[in-house]
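Take a look at the structure below.
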């Protein structure tokens, strides 16, 4: 069976991806799937001026972005990549993607995510096309701004001309992506997802959708054996990125309450590419004043080591599907608190294998953190339950077997 993937990350082309924000699981899946002798795998992505090639039996097809003259001019003036979003340019993308399809001649086309333009080819070929859901732009843009932000404050606070331009670009790109995603959902009828949330959104956006469950393989470091050791000090770990919907404000507000209402000494280590200035200016809480430490982007090994020595993992997003950072914490036996948003309730049973709190509820989150800290026996028990569930959910061989079954069912269905 010949299978062609379209992805945003480059997977294992060149240097293998260990990205903390999603790329790692695609490369992990590739490593496992290519072990199956019945699968011939091709992978395509946008990477300008790179060449086709075969590496370890996998065919790679880098594509140049098909800019028109106006988009090219914007690219030159801005000195950074501007993604083509306009409807009149969709045909350029379709043509480039179909060029790869016609060259590889797959039996199945698998597209990772609806955020990019790849899904536009779903009704341009007779080959079965399946969208492997990551995030979903339309509900994400609905939750893009926290309660204390408007688009006006997002664009102008703190105001600098280049930041204003950059944020206008972000808003414009998200809105354009959301329209293009609606078109992709109209065109494609096959989907792979893993939460009740992404299933419901898929069935809402396409009533004819055929939905398959498919879990994700985590980065290799998180499958290594290791013993979790509860520290004497309260150590909280979070991994987030810069978008406002990731809930950096909730971390600051919760940490502020811990400082106000408890005598517990704590450290809140936040990993990821975070720009703290906008949020901290808006809510008037500085991370350095509330024991929050911004650690930057960590390797998988660094993050694994930190998780094995933490008290609790907190995920603060206003919207998410099934964040790998949560799954990575669970498989190491950490007790996890998440907001009750998006697909996160599908990752745990509240009070049994983790905890959900309402979004933007720092009071309940702070109280729950203290409760878990003060009950080490309960902490360990919940962490072990989460670990057992996560090991089943992210079993490599089971995931690959299930994916191949999905491919076979799609071919039979056609």
Residue selected from region 222-244 under the condition modelled with pLDDT of 95 or more and outside any loop (DSSP other than H, G, I, E, B), by the criterion surrounded by the most Cβ atoms within 10 Å (Cβ to Cβ): 238
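May I ask you to list the residues in region 199-208 that are surrounded by fewer than 18 Cβ atoms within 10 Å (Cβ to Cβ) and touching a strand residue (DSSP E or B) at 6+ places or on another chain (Cβ under 8 Å)?
Start the filter on region 199-208 by keeping residues that are surrounded by fewer than 18 Cβ atoms within 10 Å (Cβ to Cβ), which leaves 200, 203-204, 207-208.
If the condition is that a residue be surrounded by fewer than 18 Cβ atoms within 10 Å (Cβ to Cβ) and touching a strand residue (DSSP E or B) at 6+ places or on another chain (Cβ under 8 Å), then 203 is the only one that fits.
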Tally, over region 127-153, of residues that are part of a loop (DSSP other than H, G, I, E, B) and closer than 30 Å to residue 406 by Cα: 6
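Residues 92, 123: which one is over 22 Å from the mean Cα position of the chain (by Cα), modelled with pLDDT of 90 or more and either assigned to a loop (DSSP other than H, G, I, E, B) or within 30 Å of residue 43 (Cα to Cα) (or both)?
Values: 92 fails: modelled with pLDDT of 90 or more.
Answer to the check: 123.
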Some residue of region 251-258 being under 27 Å from the mean Cα position of the chain (by Cα), touching a residue at least 40 places away in the same chain (Cβ under 8 Å), in the same structural domain as residue 328 (by TED's automatic domain parsing) and within 30 Å of residue 397 (Cβ to Cβ): no
Filter result (without any contact (Cβ under 8 Å) to a residue 40 or more places away in the chain and buried (at least 21 other Cβ atoms within 10 Å of the Cβ)) within region 122-136: none
Region 362-389: number of residues that are buried (at least 20 other Cβ atoms within 10 Å of the Cβ) and closer than 16 Å to residue 213 by Cβ: 0
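Can you spot a residue in region 137-158 that is within 25 Å of residue 125 (Cα to Cα), at pLDDT 90 or above, buried (at least 19 other Cβ atoms within 10 Å of the Cβ) and touching a helix residue (DSSP H, G or I) at 6+ places or on another chain (Cβ under 9 Å)? First the steps, then the outcome.
Filtering region 137-158 for residues within 25 Å of residue 125 (Cα to Cα) gives 137.
With the extra rule that they be at pLDDT 90 or above, the set shrinks to 137.
Within this subset, residues satisfying the condition of being buried (at least 19 other Cβ atoms within 10 Å of the Cβ) are 137.
From the residues that got through so far, the ones that are touching a helix residue (DSSP H, G or I) at 6+ places or on another chain (Cβ under 9 Å) too are 137.
Yes.
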Breaking point among (1) at pLDDT 95 or above; (2) closer than 28 Å to residue 324 by Cα, for residue 117: (1)
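Conditions tested, residue by residue: (1) closer than 30 Å to residue 220 by Cβ; (2) assigned to a helix (DSSP H, G or I); (3) modelled with pLDDT under 95.
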site: 252; (1), (2), (3): no, yes, no
site: 267; (1), (2), (3): yes, no, no
site: 270; (1), (2), (3): yes, no, no
site: 273; (1), (2), (3): yes, no, yes
site: 282; (1), (2), (3): no, yes, yes
site: 288; (1), (2), (3): no, yes, no
site: 293; (1), (2), (3): yes, no, no
site: 303; (1), (2), (3): yes, yes, no
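For a quick check of your reading: which helices (runs of 4 or more DSSP H) sit entirely within region 308-414 and have at least 3 residues that are touching a strand residue (DSSP E or B) at 6+ places or on another chain (Cβ under 6 Å) and either under 24 Å from residue 290 (Cβ atoms) or without any contact (Cβ under 8 Å) to a residue 60 or more places away in the chain (or both)?
On the way: elements: 324-331, 362-373, 376-393, 396-413.
Output list reads 324-331, 362-373.
The values are calculated or read from the model by the stated rules, or taken from the named source; none is laboratory data. These figures come from a predicted structure and were not determined experimentally. Glycine gets a Cβ as well: all are built from the backbone with ideal geometry, and neighbour counts include every protein chain shown.
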